[in-house]
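Colleague: First, the structure itself, so that you have it in front of you.
The values are calculated or read from the model by the stated rules, or taken from the named source; none is laboratory data. Because the structure is a prediction, the values reported are computed rather than measured. Cβ: placed from backbone, ideal geometry, glycine included. Neighbour counts: every protein chain shown.
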Amino acid sequence: MFKKILIANRGEIAIRVIRACKEMGIKTVAVYSKADQYSLHIKFADEAICIGEGPPLQSYLNIPRIIAAAEISNADAIHPGYGFLAENAQFSAICEENGFCFIGPDSNTINLMGDKVNARKVAEDSGVPIVPGSNVLSSVDELLEVSNNIGYPVMLKASGGGGGKGMRVLHDAKEAEKGFSIIQSEASKAFDNPEIYVEKFINNGRHIEVQVLGDKFGNYVHLGERECSVQRNNQKLIEECPSSFVDAELRQVLTSKSLDLAKKVNYVGAGTVEFLVDEDKNFYFIEMNTRIQVEHTVTEMVYMIDLVKEQIKMHYGKEMSFNQDMITSKGHSIECRLNAEDPFNNFTPSPKKIDSLNFPGGIGVRIDSYIYAGYQIPPFYDSMLGKLIVHSSSREKAIIKMQRALQETFIEGPKTTLPLLEMILSNNDFINGNFDINFLSNFLKKMKGEKIESSREFDVYI
């Protein structure tokens, strides 16, 4: 097994990987920016190396500095987590060229599936329905032509994107002209790849994704589906496993198509195939995330399989120790993302000092976070402070447990999404499973002008 792994990331995912490595007897190296000098992932790792200033391009996206840190620390593998360089084919290739195992797909696979435009082609060749759209766009005029042909609204997306970034819904030609340069610039800054493409925007769809695993011996399994439809600007806020919308017939089709894609590209490691499913249960391939997902936790809780450990084992070259028949699910899991944002002021980021903090506990409650009382939230990165995950025997009981866990959670100092999460978990449409990707925007519109009802000390209106 690997002796030492460098984690090329920060925050809760860095700690998540460190925990898996500790339980496997693997030493860890944390890298950090100067803005993260007081982050917990530095304290939990065996070694820590500063790689630059706060802005990502000077640190977490700086490939030469990360490779230098791996060389200095004598690491034999690099885990990219999610975001930053996790789906960067160049980084994967450079790791291998310098003698480090990249704990993710090789550059060819990332180019095929991590690049969203190429992934559409592979899916189409595999007989998986795709959303009507384009290849890489070269100009605003091409965007306007394609959009007119497929009809508005459309979704403009970054080819190398992920995590809900580099996406924009366009309702007409005026928005398209404005959105082209904005998304191209965002794609370049966030993913070091300015390529963008456009797809038809499917209204009232459900965001359903399938977790797949593959080893170097040609063995592939799926671990069911996750429901990720409660989202804002394509960034997920609440995720579940399994989906209350997916029946046995649809599950069988989605999982088999996902495995077909993984096999076609000889996928190794943990990956996620994402679909949009309309109200009639017609499904369309969106993309394949060639990395561990933020919401992998709900799958772990339901299937009792440590996805990060399995990911590490498979990239080392170990054969999968289980097959599809051995995999069983139990109960229901829900994850809420805790973000430092003001949900009642257009989700404005709130990178402030955490004055006091209390996380919940109890059977079936899990916290993945990197914050502590006294911690100053840096302004340079994603606003997610952590994830609250619960598991119970049914969706109904999981909702009740999440309601209780949210009530026990206090993060004082910054504005957070906690009061909004409480309100959603008490909403009848959410409780009854009557929602789609428009749920959150519609929910906020209905609330506009109403007083916020929350157990927290709020007296505001939206």
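Colleague: For the stretch 355-364, does any single residue satisfy the condition of being closer than 26 Å to ILE202 by Cβ and not polar (S, T, N, Q)?
Modeller: no
Colleague: Conditions: (1) modelled with pLDDT of 95 or more; (2) surrounded by 20 or more Cβ atoms within 10 Å (Cβ to Cβ); (3) closer than 30 Å to ILE312 by Cα. GLN252 meets all but one. Number of the miss?
Modeller: Exception for GLN252: condition (2).
Colleague: All but one of (1) over 30 Å from GLU47 (Cα atoms); (2) more than 22 Å from the chain's Cα centre (by Cα) hold for CYS101; which doesn't?
Modeller: (1)
Colleague: Considering each residue of the stretch 317-333, count those that are in contact with a Phe, Trp or Tyr (Cβ under 6 Å, 6 or more places away or on another chain) and of a type in the set (Phe, Trp, Tyr), and give that number.
Modeller: Residues flagged as in contact with a Phe, Trp or Tyr (Cβ under 6 Å, 6 or more places away or on another chain) and of a type in the set (Phe, Trp, Tyr) within the stretch 317-333 amount to 0.
Colleague: Can you name the residue in the stretch 366-385 that is farther than 27 Å from GLU186 by Cβ and aromatic (Phe, Trp, Tyr) and is also surrounded by the fewest Cβ atoms within 10 Å (Cβ to Cβ) among such residues?
Modeller: Looking at residues that are farther than 27 Å from GLU186 by Cβ and aromatic (Phe, Trp, Tyr), I get TYR372.
Colleague: What is the residue count in the stretch 318-347 for residues that are among the hydroxyl-bearing types (Ser, Thr, Tyr) and surrounded by fewer than 12 Cβ atoms within 10 Å (Cβ to Cβ)?
Modeller: 2
Colleague: For the condition in contact (Cβ under 8 Å) with a residue 60 or more places away in the chain and within 30 Å of SER138 (Cβ to Cβ), what is the one hit in GLU239, GLU295, GLU279, GLU287?
Modeller: Answer to the selection: GLU287.
Colleague: Here's another thing I want to ask about it. Would it be correct to say that SER139 is buried (at least 21 other Cβ atoms within 10 Å of the Cβ) and in contact with a helix residue (DSSP H, G or I) (Cβ under 9 Å, 6 or more places away or on another chain)?
Modeller: Judged against the criteria, SER139 is not a match.
Colleague: Still on this structure, please answer the following. Would the stretch 151-161 turn up any residue that is in contact with a Ser or Thr (Cβ under 7 Å, 6 or more places away or on another chain), on the phi < 0 side of the Ramachandran plot and either buried (at least 19 other Cβ atoms within 10 Å of the Cβ) or β-branched (Val, Ile, Thr) (or both)?
Modeller: The answer is yes, given that some residue of the stretch 151-161 is in contact with a Ser or Thr (Cβ under 7 Å, 6 or more places away or on another chain), on the phi < 0 side of the Ramachandran plot and either buried (at least 19 other Cβ atoms within 10 Å of the Cβ) or β-branched (Val, Ile, Thr) (or both).
Colleague: A follow-up question, please. Quick check on this structure: which one of ASP368, ASP459 is modelled with pLDDT under 95, outside any helix (DSSP H, G or I) and not hydroxyl-bearing (Ser, Thr, Tyr)?
Modeller: Residue meeting the stated conditions: ASP459.
Colleague: Pick from the stretch 86-124 the residues that are acidic (Asp, Glu) and under 28 Å from PHE180 (Cβ atoms): which of them is surrounded by the fewest Cβ atoms within 10 Å (Cβ to Cβ)?
Modeller: GLU124
Colleague: Sticking with this one: Just checking, does the stretch 413-430 include any residue being assigned to a helix (DSSP H, G or I) and loosely packed, with under 15 Cβ neighbours inside 10 Å?
Modeller: yes
Colleague: Yes or no: ASN108 farther than 20 Å from LYS157 by Cβ, outside the structural domain of HIS296 (by TED's automatic domain parsing) and either more than 21 Å from the chain's Cα centre (by Cα) or assigned to a helix (DSSP H, G or I) (or both)?
Modeller: yes
Colleague: Here's another thing I want to ask about it. What residue, among those in the stretch 275-304 that are in contact with a helix residue (DSSP H, G or I) (Cβ under 8 Å, 6 or more places away or on another chain) and within 25 Å of LYS397 (Cα to Cα), is surrounded by the fewest Cβ atoms within 10 Å (Cβ to Cβ)?
Modeller: Among those residues, the one meeting the criterion is GLU300.
Colleague: Residues that are basic (Lys, Arg), more than 30 Å from TYR370 (Cβ to Cβ) and outside the structural domain of ASN9 (by TED's automatic domain parsing): list the helices (runs of 4 or more DSSP H) wholly contained in the stretch 244-341 that include at least 3 such residues.
Modeller: Those helices (runs of 4 or more DSSP H) span 248-264.
Colleague: Give me a count of the residues in the stretch 203-223 that are surrounded by fewer than 19 Cβ atoms within 10 Å (Cβ to Cβ) and closer than 21 Å to ASN434 by Cα.
Modeller: 2
Colleague: Which one of the conditions (1) more than 21 Å from GLY104 (Cβ to Cβ); (2) out of contact with any strand residue (DSSP E or B) (no Cβ under 8 Å at 6 or more places or on another chain); (3) not charged (D, E, K, R) does GLY179 fail to meet, given that it meets all the rest?
Modeller: (2)
Colleague: Need pairs with beta-carbon distance below 7 Å; first residue at pLDDT 95 or above and within the stretch 13-42, second polar (S, T, N, Q) and in a helix (DSSP H, G or I); sequence gap 6+ or separate chains.
Modeller: Partner pairs satisfying both residue conditions: VAL29/SER73.
Colleague: Do the conditions hold for PHE275, that is, is it within 21 Å of ARG120 (Cβ to Cβ), at pLDDT 95 or above and hydrophobic (A, V, I, L, M, F, W, C)?
Modeller: yes
Colleague: Hey, among the residues in the stretch 380-398 that are touching a strand residue (DSSP E or B) at 6+ places or on another chain (Cβ under 7 Å) and outside any strand (DSSP E or B), which one's nearest to ALA340 (Cα to Cα)?
Modeller: Residue satisfying both the conditions and the ranking: SER383.
Colleague: A further question on this structure: Read through the list (1) closer than 26 Å to GLN235 by Cβ; (2) over 25 Å from the mean Cα position of the chain (by Cα), then give the number of the only condition that LEU40 fails.
Modeller: (2)
Colleague: Being over 18 Å from GLU239 (Cβ atoms) and part of a helix (DSSP H, G or I) is true for just one of GLN403, GLN407. Which residue is that?
Modeller: Selected residue: GLN407, the only one of GLN403, GLN407 that is over 18 Å from GLU239 (Cβ atoms) and part of a helix (DSSP H, G or I).
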